[in-house]
Amino acid sequence: MSTLRTLPALLSILLSGYALSGTDVSETFPNTFWLEIAETAQASLTKLSGIHAEPPNFHGFEMLGTGTMEKPVEVARLVSLLHNEIANPLPGISLCFIPRHAVTIKAAGSTFDFLICYECSNIRVMKDSHEIYFGTINGSSKRVVDLLFAAYVSS
């Protein structure tokens, strides 16, 4: 499908705000989505405890530290890792969801938050504080993401 034909679908997804869990991943996150957010110059990283907390919190979870990646090459690498995780999920779904990592990317006039639980291999994606996706990941990025968080997040 050409980029011109997928653009309306991307805009529809970005503007919708409806929960898209359970839909085909390629419908929720077309390749143009990943290309657009990969061009973002920075990403915010938030280390989470996995414990629910009173405000201030990050989508209900206690924050342990934050940091910002400002090198476009590193942000593009992180986006590529997220894309791989979502595009190649493990089968099934676990119910623990105790996220320890969160990535925030601002693109197309919206804020996208990726909350990641490597314990159960699940990810929740929020667009402007509304869930647009919840599903499994493959967990292959954990080591690299841990290194990025160690380098950029101060507790």
*Please give the number of the condition A108 fails out of (1) among the hydrophobic types (A, V, I, L, M, F, W, C); (2) touching a helix residue (DSSP H, G or I) at 6+ places or on another chain (Cβ under 8 Å); (3) on the phi < 0 side of the Ramachandran plot.*
(3)
*Please work out which residue is modelled with the lowest pLDDT, limiting yourself to segment 64-118 and to residues that are in contact with a Cys (Cβ under 6 Å, 6 or more places away or on another chain) and surrounded by fewer than 21 Cβ atoms within 10 Å (Cβ to Cβ).*
S94
*Mind telling me which of the residues L81, L147, L115, L64 ends up being more than 12 Å from the chain's Cα centre (by Cα) and in contact (Cβ under 8 Å) with a residue 12 or more places away in the chain?*
L64
*Can you find a residue in segment 13-23 that is closer than 16 Å to I116 by Cβ and modelled with pLDDT of 80 or more?*
no
*Subset tally (residues that are of a type in the set (S, T, Y), assigned to a strand (DSSP E or B) and under 16 Å from L82 (Cβ atoms)) for segment 126-155*: 2
*Can you name every residue in segment 119-144 that is of a type in the set (S, T, Y), crowded, with 18+ Cβ neighbours inside 10 Å and either under 22 Å from Q42 (Cα atoms) or touching a residue at least 40 places away in the same chain (Cβ under 8 Å) (or both)?*
Y133, T136, S141
_Residue tally, condition touching a Cys at 6+ places or on another chain (Cβ under 9 Å) and at pLDDT below 95, over segment 27-63_ = 0
*Please determine, by comparing only the residues of segment 34-63 that are of a type in the set (D, E) and farther than 16 Å from A102 by Cα, which one is surrounded by the fewest Cβ atoms within 10 Å (Cβ to Cβ).*
E54
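The values are calculated or read from the model by the stated rules, or taken from the named source; none is laboratory data. Everything quoted here is computed from the prediction, not taken from an experiment. Counting neighbours? That spans all protein chains shown, and the Cβs are built from the backbone with ideal geometry, glycine included.
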